[in-house]
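Written below as structure tokens is the structure these notes are about.
The values are calculated or read from the model by the stated rules, or taken from the named source; none is laboratory data. Just so it is clear, the model here is predicted, and its values are computed rather than measured. Counting neighbours? That spans all protein chains shown, and the Cβs are built from the backbone with ideal geometry, glycine included. The accessibility values were calculated without ligands, DNA or RNA, using every heavy atom of the protein model including side chains. Shrake-Rupley method; radii C 1.70, N 1.55, O 1.52, S 1.80 Å.
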Amino acid sequence: MNGNFSNKIKMSLTMNKPQKKLFKYLFLEAKKAYEEDKSTIEFTLEIKKIFRYLNVRYNIIEIFEFEKNLEKILENKIIYTVISADNTEIMRGRFNLLCSYSIQQDILSYVFPKEIMESTEQKNYFSALDFLVSIELELERSLVLYKELGRNLDAGKRKNSVEIELEKYKELMEAADIYKRMYDLEKKIIEPTLKDINNYSQYFISMDKIKENDNPKSKVKSLVFHIYSKEDNEKIQHLLNMFPADLRQKNNIREKTEDFYFREGYDFVYKVIKYSREKHGNLSLEDMFFKTLDEIYVENKEETEGFMLYEEIKTGLEKFSKFKNRMGRILLQTRFELPVLLDILNTLAIEKNLKYENKYYKITACYSEDPAKRFIKIYKNTKK
């Protein structure tokens, strides 16, 4: 998605999946060559190499089918209008997906229109078209929604939320007079378009319904679409899967998990959930999670103001030598300079409460004769 331009696109596409797959491969190979040499106009590929990508045999029947697919790509065209943020038309036009091709012995030569090659650049009108996504999407309504969300996308954020009034959404989907019930709208339009976008784009998009008031029977007034990278969504989903099935679908659980994931990272939230299980095993996991987060903020507040508990170590400290060794490794990992690290290690003693800090981390520790009282706690500066 590109938030600088809005593109109204109409595609005369009648390509099946094998034809789309072929176009995608030709485009990606041309893109690599074009990035190396911007003056390149014609691109060449071995047909056998293309067939290996398509996972088809090299024989006369498949060659005939291959040429039919090229002809079909030649027939398809894109009609576009580029609109600025203030809804002013900047330009409009049309172009075919492929200008020409030729086959000589086992070599395919082909030429793309300049608009498609310009789409490989970082910021221009045609890079905003997202060609591969636009072509791969199976539903026309999916493309309309994808472009509408792209207009409001802040590329600097890892998570974007875009709210669209229900009536405006229906107009965009050309469904104002088709589906009166929310249930039908969800099943026939909302769910299929989100599934389509999530299958083919680099993003994962989820949706929440906003109602007019707190009454469960009140009408839906708008839809909020949450846009993440697929990598972030997979990590968040993995964290949510640590909760029982009846809890992971709750909005407050997902919101809290997402909030801490984007602020503190995957490892931190994973440790919080794991720690909460160990410390509050007699409570429901939802209670554990929130109780643990509260504890992390208030525990030893005077000593750890501005810091958040990152890790607590109580095992592997059976001997004082192991305790010293573990402390040394932790100090290295937490960015303590070597002279400071050596000085600290020289001060370690049995039954001595220890406290060290730099601008990134704070560490408290004690090696006690009582095994239950041995610990190393690492706090992370929440402002760094």
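A few notes on this one:
- Accessible area per residue, Å², the stretch 40-91 with all protein chains present, probe 1.4 Å: 64 Å²
- Table column - 3J(HN,Hα) (Hz), the stretch 221-231, Karplus curve with 6.51, -1.76, 1.60, x for Gly and Pro: 9, 7, 10, 10, 9, 9, 10, 10, 6, 5, 5
- Cross-link pairs beyond the 22 Å C-alpha cut-off, checked among K17/K209; K322/K373; K230/K274; K230/K377; K24/K195: K17/K209; K230/K274; K230/K377
- Working note: Karplus 6.51/-1.76/1.60 with θ = phi - 60° gives the stretch 339-355 the couplings x, 5, 4, 5, 5, 5, 4, 6, 8, 4, 8, 5, 6, 10, 6, 10, 8 Hz, where Gly and Pro are set to x.
- Each 5 Å bin from zero holds the following percent of Cα-Cα pairs in the stretch 145-202: 4, 15, 26, 25, 17, 9, 3, 1.
- Packing-based ranking, highest mean first, of 70-81, 134-145, 338-349 given that Cβ atoms within 10 Å are counted: 134-145, 70-81, 338-349
- Taking the accessible area of the stretch 9-60, probe 1.4 Å, and keeping the other protein chains in place, the carbon and sulfur fraction comes to 49%.
- Amide H contacts for K221 (H built 1.01 Å from N in the peptide plane; partners 5 or more residues away or on another chain; cut-off under 5 Å): I210, K211, E212.
- Each peptide in 43-49, 55-61, 107-113 was scored by the mean count of other Cβ atoms within 10 Å over its residues; highest first, the order is 107-113, 43-49, 55-61.
- Relative packing of peptides 212-221, 88-97 - highest average C-beta neighbours within 10 Å first: 88-97, 212-221
- Projecting label points 7 angstrom from Cα along Cα→Cβ for E89 and E121 puts them 2.3 nm apart.
- Short-range pairs are left out: with C-alpha atoms under 8 Å and at least six residues apart, the relative contact order of the stretch 33-142 is 22 percent.
- With R₀ set to 35 Å, the beta-carbon distance separating V224 from E312 gives a calculated FRET efficiency near 0.40.
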